[in-house]
Amino acid sequence: MIKLRLADKKVRLLAELRSEGIDDEAILDTLESIPREEFIPKALRGQAYENAALPINSEQTISQPYIVAFMTQALRITKKHKILEVGTGSGYQATVLAHLCRRLFTIERHLPLLNSAEKIFKKLNIFNITTLFGNGMKGWPEQAPFDRIMVTAASEEIPAKLLEQLKDGGIMVIPVGAQGKSQYIIRITRDGDDYNQENLLPVKFVPLLPGIVHES
Ligand code: SAH
């Protein structure tokens, strides 16, 4: 019963994303194929296909589906790409990226969130995601360079280590701006030592923070 209702809501959500300018069929197919309800606390599962951000554990949020789709589309992914995500959170965005690329590396600073995301990756039989418990501002030097980098928490400055770890010609998408002030999703395209910057969309994200947290 609840399954049917979720399926109907999913169809409606996909139509809404199309009308908001998400036109990449591979991304729409990916969103259709991933059960977003798996990444959401049980009490909120009825809302899994609403176009809204929802709370997860450790006072974090799973991003709004439109923002997930928008940031994914802005990254211009191919199946050949090796991608770094900073801010695993629920694991939903990581799962979307993993469907579209070769290998996805994701870093989270809250251990309980990372543990539960890993369980879902296993349950959904996703094998091309590698996780790291750590401060993603430092990137993942052992795995660098990356074709694409996506940061899913906002910071006032773009972490220099992430810029360094972006391949020449690579693209990074990151929300930039202080908490409570205007934040924008920025797209950075690397051209040798030049980093071209485009402001794409006003947004509201949880903060990118230093350090690690063992318990929620
Ligand atoms: N991509 C996530 C969105 C989670 S919200 C999803 O699909 O659900 C942002 C996440 O970034 C939070 O889980 C937060 O703990 C994490 N985060 C914040 N600062 C970080 C840092 N420096 N390194 C790694 N993760 C960080």
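Taken together, the values in this text are just the output of simple stated rules run on the coordinates, not laboratory data. Every value quoted in this text rests on a predicted model; they were computed, and no experiment measured them. When we count neighbours, we look across all protein chains shown, and the Cβ atoms used for this are built from the backbone with ideal geometry, even at glycine.
Computed values, structure above
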| quantity | calculated |
| --- | --- |
| Volume of the Cα convex hull of the stretch 63-138, divided per residue and given in Å³ | 84 |
| Residue 209 paired with residue 57, simple spin-label distance in nm, labels 7 Å along Cα-to-beta-carbon | 1.6 |
| Cα centroid separation - the stretch 163-209 against the stretch 1-45, whole Å | 26 |
| Per-pair calculated FRET efficiency, R0 = 35 Å: residue 43 and residue 23 via Cβ, rounded to 0.05 | 0.55 |
| Lys/Arg +1, Asp/Glu -1 at C-beta; the stretch 78-216 dipole; positive extreme among 96, 162, 126 | 126 |
| Simple label model, 7 Å out from Cα along Cβ direction - residue 181 to residue 163, nm | 1.8 |
| Computed [θ] at 222 nm, helices only, for the chain once each DSSP H run of length n ≥ 4 contributes -39500 (n - 2.57) | -9000 deg cm²/dmol |
| Efficiency of FRET from Cβ geometry, residue 64 and residue 12, R₀ 22 Å, rounded to 0.05 | 0.90 |
| Candidate aspartates and glutamates for bridging to residue 82, where Cα separation is under 14 Å - those fewer than 8 sequence places away on the same chain excluded | 142, 147, 168 |
| All-pairs Cα distance distribution in the stretch 52-203, expressed in whole percent, bin size 5 Å | 2, 10, 20, 24, 24, 13, 5, 1, 0 |
| Selected from 28, 162, 44 as most flexible by GNM, with the chain as the system and alpha-carbon contacts under 10 Å | 44 |
